[in-house]
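What follows draws every value from the coordinates through simple rules; no lab data is involved. What you see is a predicted model, and the numbers here were worked out from it, not measured in a lab. Methodologically, a virtual Cβ is constructed for each residue, glycine included, from the backbone with ideal geometry; neighbour enumeration extends over all protein chains shown.
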Amino acid sequence: METNNTNNFEPKVVAFVCNWCTYAGADLTGTSRIKYATNVKIIRFPCTGRIDFMLLMKAFANGADGIIISGCHPNDCHYTSGNFHARRRWMIFRNLLDFIGMDVNRIVFSWVSAAEGAKWAEVVNESVDQFRQLGPATSYQKLIKNSEFQEVE
Amino acid sequence: MNNLQQKAQQLLESGNYGLIVGYEKGTSGKARPVFIRKAEHASKLIFDESCDQNIAVYLYRQEIKHDKKKVIVANHHTLKSIVELAAENQVFDGDFMVLAFAGNGDIIELNTFEEIEKHVATLYHGLTEAEAAMMKKIEDMSLEDRWAFWENEFSKCIKCYACRASCPMCYCPTCTVEINQPQWISVPSHTLGNLEWHVMRAMHLAGRCVTCGQCGKACPLELPIQLLTYKVALDSKQFFDSVAGTSICADNALAIFKPEDHENFIR
Ligand code: SF4
Ligand code: SF4
């Protein structure tokens, strides 16, 4: 069902979220019956500090068009400082990706607390819109195709 | 015999030192590392502009770990790496002596980490003009051109890991590239896996790279991969005011945080 028509294009989106804030927030979105884009597959982590940058690389390598990363607001981390460490890592990682020519707009970072069910719906909807505008991650798909060929050999 | 050779000879003859790690004349005008255990071989030692390799990587190698007290002839790259290795507890105070050089060519003996740190503070930390120009050239490209540039470079990498072996800061006994449960980095060298390998290498060196350029020099295919670690080093300085190789007790930029760390992209 591949289509290059960006108008009908539905991006594949992976969300890496922390258990204590954003996952609970997304739960609240559901129990509040707020509708939001269905493109997103949510993966729950103990903490944003656990979201290794290699996991994001693997999401792209497996065909994600966009990624959302979300966790507790600063000073709200269940483990006190996981999100502060994560923030430093993202600052470096994001600039490194930009330096190698990846479009950093394909990764959205946010803080969503357990009480912000409405914000979660907003973040997802806005992100999916943004990824839809960007279109399929074709440059990455080219690399994936090329690697599959080599690995089968 | 020049000063350095005489000094080396004396040190070995004194019996207090068992090994000198330094440079000797190599082929095609290059210098190569040399390990001298006998006083009569001291005349092999050289130190000039050709000695630009960062040889701090040998300090903790198994093969010489148990040698009696060591001496290392250090250029400014090596000195900075020793400071960073000290900060990461990979080398130990008093285990070796450093022979460095003053501007006029005089030999300076550095015996303690404190002395090394003091000496390193007098050195220039930052990219050379040529290196800064290379960074700017890439940063000025459009996103598409940057991608094309790196895609082409990454496609050439044969995953020999010479860059890793040459870097003093890549000392983990088991590197993520060797882990196969799960297989983080693919075994065959295709562009996708190579890109992941280089992003990983750069991320793991964030706040630790001393911008010596050794990884790029070691690459048999001349990939300018040192620019990736320069990028994370420059960002660590800009964002967190952290410069690797300047302090024997500083924490790595990514191992600490400040609540007031400032970014402008988190919603
Ligand atoms: S420039 Fe390369 S070899 Fe030197 S410290 Fe940085 S990553 Fe290691
Ligand atoms: S030295 Fe060059 S070819 Fe070898 S792994 Fe590093 S970048 Fe790839």
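For A:Leu55 and B:Asn111, a Förster radius of 35 Å and the Cβ-Cβ distance give a FRET efficiency of 0.15, rounded to the nearest 0.05.
Looking at the protein assembly as shown alone, DSSP beta bridges between its own residues are antiparallel in about 35 percent of cases.
Please go through the stretch B:172-267 and write out the GluC sites (Glu not before Pro) that DSSP classes as loop and that have at most 16 other C-beta atoms within 10 Å. For GluC sites (Glu not before Pro) across the stretch B:172-267 that sit outside H, G, I, E and B with at most 16 neighbouring Cβ atoms in 10 Å, the list reads B:Glu222, B:Glu260, B:Glu263. Taking 0.36 nm per residue of sequence separation and removing the Cα-Cα distance, the B:Glu222/B:Ala130 pair yields an extension gain of 31.5 nm.
On the basis of the beta-carbon distance and an R0 of 41 Å, B:Ser155 and A:Arg44 show a calculated FRET efficiency of 0.70.
Kindly express, to the nearest 10 degrees and within the range 0 to 90, the angle between helix B:76-87's C-alpha long axis and the longest C-alpha principal axis of chain B. With rounding to tens, the tilt is 80 degrees. Label-to-label distance, B:Glu178 versus A:Lys142, with points set 7 angstrom from Cα along the beta-carbon direction: 3.5 nm.
Does a label point 7 Å from the Cα of B:Ala102, set along Cα-to-beta-carbon, have any residues of the stretch B:1-18 with amide nitrogen under 17 Å, and which are they? So the set is B:3-4, B:7.
Of all lysines in the structure, those lying under 28 Å Cα to Cα from B:Lys156, and not within fewer than 8 positions of it along the same chain, are A:Lys58, A:Lys142, A:Lys145, B:Lys30, B:Lys136, B:Lys137, B:Lys217, B:Lys231. In a DSSP loop and with at most 12 other Cβ atoms within 10 Å, there are no trypsin sites (Lys or Arg not before Pro) in the stretch A:57-146. Seen against the Cα atoms of chain A and their longest principal axis, helix A:82-99 is set at about 20 degrees. If a spin label sat at a point 7 angstrom from the Cα of A:Phe149 along the line to its beta carbon, the backbone N atoms of the stretch B:123-160 nearer than 17 Å would be those of B:151-157.
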